[in-house]
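Chemist: If you scroll down you'll find the structure; I have some questions about it.
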Amino acid sequence: MKSRFTGILTLFLAFMIQFSFAQEKTITGTVTSAEYGALIGAAVTVDGTTRGTQTDENGVFSISAQQGDVLTVSYVGMKDSKINVGSSNVYNIVMQTQERTIDEVVVTGFTSQRADQVSSATVKVSAAEMEKLTPITSVDNMLQGKAAGVQVIANSGRPGQGARIMVRGANSLNGSSNPLFVVDGVYMTSSELISINPNDIESQVILKDAAATSLYGARGANGVIVITTKRAKEGRTQFRLNTSIGFSERTKLNDFKTMNASQFLNLMDKYSSVGYPGLPNYTDEQRATLIANGEHWEDNIYKQGYNESVQFQVLSSDDKTNFLASLSSDKNTGLVSSFEGLKRISGRIKVDTKMKHDITMGANIAMSYTSEDLPRESYNGLSPMYTAFATVPTRSVYEKNPDGSLALDNDGNPIYSMGAGIPSGLNYFDIYDNYLRSNRRFRTFGGFYAQMDDMFTKGLSAKTEFTGIYTRSAGEQFTTPGSNIDIAFNGSNNPFPGNKNDSGSDDLDYRWVNTLRYVRTLGENHNFDLSVFSELNKWNFYSYNITSSGYPNSFLQVQSVGTNPITTTTGRSDRMSMGYGANLFYDYDDKYLVTASFRRDANSSFGKDNRVGYFPGFSLAWKISNEDFFNVSAIDLLKVRASWGKRGTIDELGLYSTTNIVFPNYNDLNGAAPSLSITSPDLGWASSETFNYGLEFQAFNRRLTGAIDYFVDIRSDFLFTQNLSHEGGAYNTQINAGEFTNKGIEVSLNYDLIRNQDFLWNIYGNFTFIKNEIKDLNGLDELFAPSGAINRVGETINSYYMVRYAGVNPANGEPLYYDADGNITNIYDGDDAVLLKDKSPIPKFYGGFGTAASYKGFDLSFDFSYQGGNYIENIANNRLLDPIDGASRNYLTDATNFWTTPGDTGVLPSPLNTDGTIRTYQDTDQFLQKGDYIRLRSVNFGYTLGNKFLGEKSGIESVRFYLQGQNLYTWTAFRGDPEVGYWGENNGVSGATAGTVYLWQYPNARTFLFGVQLTF
Amino acid sequence: MKKNILKTLVLLAVLINYSCDNEMDDYKPYNAVTIETFYQTPADFEQAVNALYSAFRSAGYYSGSGFADDMTITFDVMSDNLIINTEGRQSGRVAHEFTYNSNSVPTSIYVSAYNIISRANIIIDNIDNLPDGDFKNNVLGQAMAVRAICHFDVARTFSKIPTQSADALSSIGIAYVDTFDPQQKPSRLGTVEETYNRIITDLESSKELVSNANPNYYLNKTSINGLLSRVYLYRGFYDLAAQRAQDAIDLGAIIPTRAQFPLVWMDAVPYPASGVLFEIAITQQNAVQLGVGYNQFLGGEFFSEYLCDYELYNLYSSTDVRKNAYITTATAAGNDYNHIIKYRQDASGQPFVNGKYLRTEEVYLNMAEAKFKDSDPTGALAALNAVRERKYSGFTPGSESGQALLDAILLERRLELAFEGDRFFTLKRLGLGLQRSGYGHFADGSGNPSNPQNISATDHKWQLPIAQSTIINNNNIDPNPGYGN
């Protein structure tokens, strides 16, 4: 038996060998890619046979084949390469990275879907796009100009500041809220994003319409941005070390120059010459001294910022386990003297592994520690920005002797100059020597999950997932006892000098989500993917705030040293929600695609009777290009889609649905009174109902891709703070009322101009146009927004409401105004304020465009973002021209251009009223300026050395050197920097629409970086 | 099969409903009790009474806002007592220049007063949860008195004052609110007469209920009588004004001595010796600095928003103890100014002083004016001299009569109550119009004079505009004549 078998085998082998000897030869070669160098483990197979091999550690393969065979080389993440075996025995293969594969997956949080099968309005921004703005930027800032429908504006340029993001227009009457960020399943707010290392991110997916966001129920109404971190490519291990250093300076302000000492003195002379009273009169000698000793305070206050970043990342995967670990350290000093800016250390470990019983488990834990100090962005001498602009240029930081040398005190130290011409009379540098404000935050976020596949039947899986974010923060503020700022804050003769405030919080937000999913194909072409889930979400928050005074010196700063306790308070609050939802994807033959979703949500912030909300979503798509009758070969994909959905929000809802008694203090005893917010028993969910119609296409072998969307978002029943009668006690309550709509069009296009092995060049652009209209205001015709803007039925949300300026009377230099009826008058009357039609802080259009090219190892890209149609009240411009402050404040250089002689036109008003008193500018639209701009957001230039150059023995896959510039240039007519975020501190209305006023925000930075990315 | 058992267990674990909506009923605020369960016990009412007074720390009364909209400054800004510092931040400029309108009302007293009134009303509405007795009466009396004086403050600011002009009594009054209902939308009373009737009724009833043992940072019998003397004087009921002033004095209202007087402004003289009959207590914890409306002390210099008018400055004689207690002449950024320091600091140098709502001196001056108007010049002179002898060193009693006596009473009233919110109302209620001095803002009267210099007695601006927002929130409220609401 045995011998017989051996005999057959021998015969068979003999036949084989004989056959081989006759036909085959050995083919060898290396497999490389431009990005990774030699590819290890690339599969090389001979088509039509079972023969195959893999490349070795040097990317070298060796295989037997015969002339005329076709070899297929495949590698994860690369396009398959085919080689026709000819007479040569050596073939070196350079593989191309697979771009925009048809199987690209869009993760939408609760579900994920193939990109080409999505039927709602979603847009994905990949890591490659975000890497163009790497250093210690909050990841939300990176979306600027990158995605149609998504408007991103930096809150201010302070390092670590998040962005204001509006997805498809304003979402509230009272200043719009940011979308929800879902980072690997963790719900995060915009301000928490600074804790994320941008290098960990694989993609950001923006869910724009309600069909996509209704699964998020209460939290989806402002759009959802799903951020997914990187995963290792199967079978590969990579170590990446990225370092960069750079410097930054203020973005150049357009047409916004303050005076130097001689310009300032000339202005004072010109003021005096027209009769401006009380201005100093200097001798030539004094003038010369002032000009010589004066300093330009913008130079004093601002410094060159310094950035550095070191990031290390490991990505590794085999067929069972996928592993990511990263560690990074970043620093950005910011632009303001006396402050150190932001520092961040962050790390992440993410691992998942397939186990027995079809179980997969994973954990993903990120941690970050940030510390920052906080310059005031206010309208007084505490603000670096205000001080820089407003300080008189004849002043110097230190007192100087007439000969220009520094005046010294008895100890031989220079003396800070104080008094007239310095805002608040206190020297900025003196203030911040003695007034420290800083914040430290520790955050940990992430989660665990376990999933069991193929339960009972193939395609049925169960998953349980716990995710959370925990933040611990500590803030400190210390005023040195006896310092000038201490006296300003707390009075002189204060028996308890010095002041210390410690505040902090402890904040946990977690979710527990259980999901059952069943994926099944019925018949040949009916594909179902059904999920049902439950989601429990709990949040609790604890805070403390301790203040005391009575400190002995500048260096003992802990509360136990303070002899006079002032306040010690703690706070606590919480909220929970419970949701159930279901989602169905169905497609027929990858031609007709249906998505249906439904969520029921209950939230503890509502009263018992109204706490449940229902949010449906439905979308359809038709892939025309997959129809048999469609045979336009140039078009790879043609898809039309339509969606409808409803979603809710609790954004402006108080935490509890009770009318509370609050406990004001009287004579250090507790008082008790009703809180100003009175509960309305009928309060329910605010909602947004959206319709979206879209067209997607890919053509010319996917060289041209694009999408066009038309959307309508009807926002109604928003939580309307109804101010009750003043006579009833001036309480307020929340009701559901009102309606406004956002309608718009989004277009995005991408075209590869050149695409070949050595040379890639593409251009892209996106454009969003939005029109907003108020339909109903709880029966009111109009309503003032917190910012002083007006909301009126039929008009744009937050329209400006001002007296119109009519220029200067050429006869006498008086400013003229329009009265409410449009007649010109010389009398200013606040009652003449009118709604300025179509002038609101919300842009009517925005977007971005750019181009990227790579040739061999070189890469170069330019990215632009733009917006327009919005108006900004330029208060900084106004205040620095207003003559009222005489010699006590600096001016813009064009302040000299005022009326002096009858007939002058195109000038500022005379600095004096007709009765000879000093004029001050009234609140008008004189300084309401168009906010249109285009900004060169980033330029990247890099060179990559593959391992060919470095040598395979080096163990290095690639090294990329790059230069990066951010916010390099801005084209605008706006005076100043048109990227205006929030109002700054101390200006009351934190919720006001982004971009309402240009005041004393921390300047945006223009950054230049050099970096090295090493992969091994 | 075994595998299926495992999978069934996993499935059950996933499907278990681990929470239900009812858990949400337990979510209640941690720092507040709810309105339904409060106003039950004496301790609740004690706290509710405290909150009546704490609400006087709001804008329009004693908030320390620094925007010239507190009672300690607004009604002097709108008079000839103060002059704007053109080197200052220009706060309250619309008030000083009488350019306000319904979107820029110089004071928030309307909103603050009605909020305090609502706190009084919720006490009054629930008062029967307390057992009858002295405690209940004392709580109820204070709530009624607070309700009355807040209505009075609104009435004198936004409506005409009965003695202001012949048509005043029959001109439009204000809403008189006597129940707690945040949703209510009352109308203004048809006449000023009706409004004052309601105020007087509340005050007269309250004085019978409150205890006179209450300290001066709560209302007591003495202070309510003192307040009645003010209300009756405004109403033109001079005999009653004099009578209630006398009642207050009989109950223990004392004028502080010259030596004590400067210390009164530093809260260093206890009641009753301080003569402060009713004040709003302000502690360091409240961080209310009344003085910042006038100026901030930075780098050893006062940076003032408003300065003492030079004419008024000269009206204070050098023997007048008030001159240095109220005003100091000092340099700021190279210029000399007459700064107001009345609210600058307490005896320990802290910038937290109490808001003085009613002082004995005013009660005497009310009496003097009322007796003069009631044809009792002797009594009037006696009351006036009682004030003057405690203000001037080496004072010999005056002997004015006729118009000179009235002038002397009004002069003393101006000097005594300057920077306490009286001057505007004195000019208004007597129909005197405003005539400013013409001096500039520097210490020697040079500099920039105020604009305008005159406001006629019949100008509609004496009745401040009802805010546009007030009318938007309650369309039953009629605007004041003369303003384009």
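The values are calculated or read from the model by the stated rules, or taken from the named source; none is laboratory data. Worth saying up front: this structure is predicted, and the values here are computed from it rather than measured. Because the Cβ atoms are built from the backbone with ideal geometry, glycine has one as well, and the counts that use them run over all protein chains shown.
Every residue, every condition in (1) at the interface with chain B (Cβ under 10 Å from one of its Cβ atoms); (2) more than 29 Å from B:Ser304 (Cα to Cα); (3) hydrophobic (A, V, I, L, M, F, W, C), yes or no:
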residue: A:Arg395; (1), (2), (3): no, no, no
residue: A:Gly421; (1), (2), (3): yes, no, no
residue: A:Ser424; (1), (2), (3): yes, no, no
residue: A:Ala474; (1), (2), (3): no, yes, yes
residue: A:Asn493; (1), (2), (3): yes, no, no
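Chemist: Of all residues in the range A:816-849, count the ones that are within 14 Å of chain B (Cβ to nearest Cβ) and free of Cβ contacts under 8 Å to residues at least 40 places away in the same chain.
Modeler: First, the residues of the range A:816-849 that are within 14 Å of chain B (Cβ to nearest Cβ): A:817, A:819-821, A:825-835.
Add one more test, that the residue is free of Cβ contacts under 8 Å to residues at least 40 places away in the same chain, and what stays is A:819-821, A:825-827, A:829, A:831-834.
Selection size over the range A:816-849: 11.
Chemist: In this structure, does B:Tyr316 turn out to be among the aromatic types (Phe, Trp, Tyr) and touching an Asp or Glu at 6+ places or on another chain (Cβ under 9 Å)? Talk me through it step by step, then tell me what you get.
Modeler: Working: among the aromatic types (Phe, Trp, Tyr): yes; touching an Asp or Glu at 6+ places or on another chain (Cβ under 9 Å): no.
For B:Tyr316, the condition - among the aromatic types (Phe, Trp, Tyr) and touching an Asp or Glu at 6+ places or on another chain (Cβ under 9 Å) - is not met.
Chemist: Which residue out of A:Tyr386, A:Tyr369, A:Tyr379 is surrounded by 15 or more Cβ atoms within 10 Å (Cβ to Cβ), assigned to a strand (DSSP E or B), in contact with a Phe, Trp or Tyr (Cβ under 7 Å, 6 or more places away or on another chain) and in contact (Cβ under 8 Å) with a residue 24 or more places away in the chain?
Modeler: Values: A:Tyr386 fails: assigned to a strand (DSSP E or B); A:Tyr379 fails: assigned to a strand (DSSP E or B).
Step by step, each of A:Tyr386, A:Tyr369, A:Tyr379 is checked, and only A:Tyr369 is surrounded by 15 or more Cβ atoms within 10 Å (Cβ to Cβ), assigned to a strand (DSSP E or B), in contact with a Phe, Trp or Tyr (Cβ under 7 Å, 6 or more places away or on another chain) and in contact (Cβ under 8 Å) with a residue 24 or more places away in the chain.
Chemist: Same structure, new question: Inside the range A:464-494, can you point out the residues that are part of a loop (DSSP other than H, G, I, E, B) and at pLDDT 90 or above? Step through it out loud before you land on a result.
Modeler: As a first pass, look at the range A:464-494 and keep what is part of a loop (DSSP other than H, G, I, E, B): A:480-483, A:491-494.
Hits for the range A:464-494 are A:Thr480, A:Pro481, A:Gly482, A:Ser483.
Chemist: In addition: Just name the residue that is modelled with the lowest pLDDT out of those in the range A:504-542 that are over 17 Å from A:Thr595 (Cα atoms) and charged (D, E, K, R).
Modeler: Ranking the qualifying residues of the range A:504-542, first place goes to A:Glu524.
Chemist: Would the range B:281-301 turn up any residue that is modelled with pLDDT of 95 or more and of a type in the set (Asp, Glu)?
Modeler: Within the range B:281-301 (the criterion being modelled with pLDDT of 95 or more and of a type in the set (Asp, Glu)), the answer is no, since none of the residues qualifies.
Chemist: Let me ask something else. Of the residues that make up the range B:277-294, is at least one touching a residue at least 40 places away in the same chain (Cβ under 8 Å), away from chain A (no Cβ under 14 Å) and closer than 28 Å to B:Phe372 by Cβ? Reasoning before the result, please.
Modeler: The initial filter retains those residues of the range B:277-294 that are touching a residue at least 40 places away in the same chain (Cβ under 8 Å), namely B:277-284, B:286-294.
Cutting the leftovers down to away from chain A (no Cβ under 14 Å) gives us B:277, B:293.
Now restrict to residues that are closer than 28 Å to B:Phe372 by Cβ: B:277.
Checked against the condition, which is being touching a residue at least 40 places away in the same chain (Cβ under 8 Å), away from chain A (no Cβ under 14 Å) and closer than 28 Å to B:Phe372 by Cβ, the range B:277-294 yields at least one hit.
Chemist: Let me ask another. Which residue pairs have Cβ atoms under 7 Å apart, sit 6 or more places apart or on different chains, and have a first residue in the range B:324-339 that is on the phi > 0 side of the Ramachandran plot and a second that is crowded, with 23+ Cβ neighbours inside 10 Å?
Modeler: B:Ala333/B:Glu87
Chemist: Let me ask another. Does A:Ser888 satisfy the criteria of being within 14 Å of another protein chain (Cβ to nearest Cβ) and either within 30 Å of A:Asn260 (Cα to Cα) or modelled with pLDDT of 95 or more (or both)?
Modeler: On the way: within 14 Å of another protein chain (Cβ to nearest Cβ): yes; either within 30 Å of A:Asn260 (Cα to Cα) or modelled with pLDDT of 95 or more (or both): yes.
Yes: the conditions hold for A:Ser888.
Chemist: Does any residue in the range B:75-99 that is over 16 Å from B:Gln296 (Cα atoms) and within 9 Å of chain A (Cβ to nearest Cβ) come within less than 7 Å, Cβ to Cβ, of a residue that is crowded, with 24+ Cβ neighbours inside 10 Å and of a type in the set (A, V, I, L, M) six or more places away or on a different chain, and which pairs are these?
Modeler: Partner pairs satisfying both residue conditions: B:Arg93/B:Ile84.
Chemist: Residue by residue through the range A:589-606, note down the ones that are more than 9 Å from every other protein chain (Cβ to nearest Cβ), part of a loop (DSSP other than H, G, I, E, B) and buried (at least 16 other Cβ atoms within 10 Å of the Cβ).
Modeler: A:Lys591
Chemist: Out of the residues in the range A:864-895 that are surrounded by fewer than 23 Cβ atoms within 10 Å (Cβ to Cβ) and of a type in the set (Asp, Glu), state the one that is farthest from A:Arg804 (Cα to Cα).
Modeler: Checking each candidate, the answer is A:Asp885.
Chemist: In the range B:103-135, how many are surrounded by fewer than 24 Cβ atoms within 10 Å (Cβ to Cβ) and either modelled with pLDDT under 95 or in a loop (DSSP other than H, G, I, E, B) (or both)?
Modeler: 8
Chemist: Can you find a residue that is touching a Pro at 6+ places or on another chain (Cβ under 9 Å), of a type outside the set (Asp, Glu), surrounded by 15 or more Cβ atoms within 10 Å (Cβ to Cβ) and more than 9 Å from chain B (Cβ to nearest Cβ) anywhere in the range A:565-588?
Modeler: Checked against the condition, which is being touching a Pro at 6+ places or on another chain (Cβ under 9 Å), of a type outside the set (Asp, Glu), surrounded by 15 or more Cβ atoms within 10 Å (Cβ to Cβ) and more than 9 Å from chain B (Cβ to nearest Cβ), the range A:565-588 yields no hits at all.
Chemist: Having 1 or more residues that are surrounded by fewer than 18 Cβ atoms within 10 Å (Cβ to Cβ) and either within 14 Å of chain B (Cβ to nearest Cβ) or in contact with a Cys (Cβ under 7 Å, 6 or more places away or on another chain) (or both) is the bar; report the strands (runs of 3 or more DSSP E) wholly within the range A:608-670 that clear it. Step through it out loud before you land on a result.
Modeler: Numbers: elements: A:612-623, A:635-649, A:660-662.
Passing ranges, in order: A:612-623, A:660-662.
Chemist: Follow-up question, since we're still on this one. Select from the range B:182-214 the residues that are assigned to a helix (DSSP H, G or I), of a type in the set (A, V, I, L, M) and within 30 Å of B:Pro272 (Cα to Cα) and list them in ascending order.
Modeler: Across the range B:182-214, the qualifying residues are B:Ile199, B:Ile200, B:Leu203, B:Leu209.
Chemist: Continuing with the same structure: Out of everything in the range B:36-53 that is within 7 Å of chain A (Cβ to nearest Cβ) and without any contact (Cβ under 8 Å) to a residue 24 or more places away in the chain, what residue ends up being surrounded by the fewest Cβ atoms within 10 Å (Cβ to Cβ)?
Modeler: B:Asp44
Chemist: Something else about it: Return yes or no: is B:Gly421 without any contact (Cβ under 8 Å) to a residue 12 or more places away in the chain and in a loop (DSSP other than H, G, I, E, B)? Explain how you work it out, then say what you get.
Modeler: Working: without any contact (Cβ under 8 Å) to a residue 12 or more places away in the chain: no; in a loop (DSSP other than H, G, I, E, B): yes.
Judged against the criteria, B:Gly421 is not a match.
Chemist: Then there's this: Would you please name the residue that is nearest to the chain's Cα centre (by Cα), looking only at residues in the range A:69-93 that are part of a loop (DSSP other than H, G, I, E, B) and closer than 17 Å to A:Glu234 by Cβ? Before you say what the answer is, go through the steps one by one.
Modeler: Filtering the range A:69-93 down to residues part of a loop (DSSP other than H, G, I, E, B) leaves A:69, A:75-77, A:79-80, A:85-89, A:91-92.
Cutting the leftovers down to closer than 17 Å to A:Glu234 by Cβ gives us A:75-77, A:79-80.
Values: A:Tyr75: 35, A:Val76: 32, A:Gly77: 29, A:Lys79: 33, A:Asp80: 37 Å.
So, considering only residues that are part of a loop (DSSP other than H, G, I, E, B) and closer than 17 Å to A:Glu234 by Cβ, the one nearest to the chain's Cα centre (by Cα) is A:Gly77.
Chemist: Additional query: Which residues, taken from the range A:182-199, are without any contact (Cβ under 8 Å) to a residue 60 or more places away in the chain and either of a type in the set (A, V, I, L, M) or crowded, with 23+ Cβ neighbours inside 10 Å (or both)?
Modeler: If the condition is that a residue be without any contact (Cβ under 8 Å) to a residue 60 or more places away in the chain and either of a type in the set (A, V, I, L, M) or crowded, with 23+ Cβ neighbours inside 10 Å (or both), then A:Leu193 is the only one that fits.
This table checks each residue for (1) within 30 Å of A:Ser337 (Cα to Cα); (2) assigned to a loop (DSSP other than H, G, I, E, B); (3) not hydroxyl-bearing (Ser, Thr, Tyr).
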{"site": "A:Lys146", "(1), (2), (3)": "no, yes, yes"}
{"site": "A:Ile153", "(1), (2), (3)": "yes, no, yes"}
{"site": "A:Arg164", "(1), (2), (3)": "yes, no, yes"}
{"site": "A:Ser177", "(1), (2), (3)": "no, yes, no"}
{"site": "A:Ile194", "(1), (2), (3)": "yes, no, yes"}
{"site": "A:Asn199", "(1), (2), (3)": "yes, no, yes"}
{"site": "A:Gln238", "(1), (2), (3)": "no, no, yes"}
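Chemist: Please enumerate the residues belonging to the range B:306-345 that are within 13 Å of chain A (Cβ to nearest Cβ), closer than 22 Å to A:Gly278 by Cα, touching a strand residue (DSSP E or B) at 6+ places or on another chain (Cβ under 9 Å) and not in a strand (DSSP E or B).
Modeler: Once the filter is applied, which keeps residues that are within 13 Å of chain A (Cβ to nearest Cβ), closer than 22 Å to A:Gly278 by Cα, touching a strand residue (DSSP E or B) at 6+ places or on another chain (Cβ under 9 Å) and not in a strand (DSSP E or B), the range B:306-345 yields only B:Ala333.
Chemist: Of the residues B:Asn448, B:Asn454, only one is free of Cβ contacts under 8 Å to residues at least 60 places away in the same chain and surrounded by fewer than 21 Cβ atoms within 10 Å (Cβ to Cβ); which? Steps first, please.
Modeler: On the way: B:Asn448 fails: free of Cβ contacts under 8 Å to residues at least 60 places away in the same chain.
Just a single option satisfies the conditions, and that option is B:Asn454.
Chemist: Where in the range A:719-831 are there strands (runs of 3 or more DSSP E), lying fully within it, with 2 or more residues that are under 35 Å from the mean Cα position of the chain (by Cα) and closer than 28 Å to B:Ser118 by Cβ? So that I can check it myself, show each step before the final result.
Modeler: Working: elements: A:732-755, A:759-776, A:782-784, A:790-792, A:804-808, A:815-818.
In the range A:719-831, A:732-755, A:782-784 are the strands (runs of 3 or more DSSP E) which contain 2 or more residues that are under 35 Å from the mean Cα position of the chain (by Cα) and closer than 28 Å to B:Ser118 by Cβ.
Chemist: Six or more apart or on different chains, Cβ atoms under 6 Å: show the pairs whose first residue is in the range A:719-748 and away from chain B (no Cβ under 14 Å) and whose second is of a type in the set (Gly, Ala, Ser) and not in a strand (DSSP E or B).
Modeler: Hits for this filter: A:Asn736/A:Gly684; A:Asn742/A:Gly169; A:Glu746/A:Ala148; A:Glu746/A:Gly149; A:Ser748/A:Ala148.
Chemist: In the range A:927-981, which strands (runs of 3 or more DSSP E) lie fully inside it and hold 1 or more residues that are modelled with pLDDT under 85? Don't jump to the end; show me each part of the working.
Modeler: Details: elements: A:928-930, A:933-946, A:958-972.
In the range A:927-981, the matching strands (runs of 3 or more DSSP E) lie at A:933-946.
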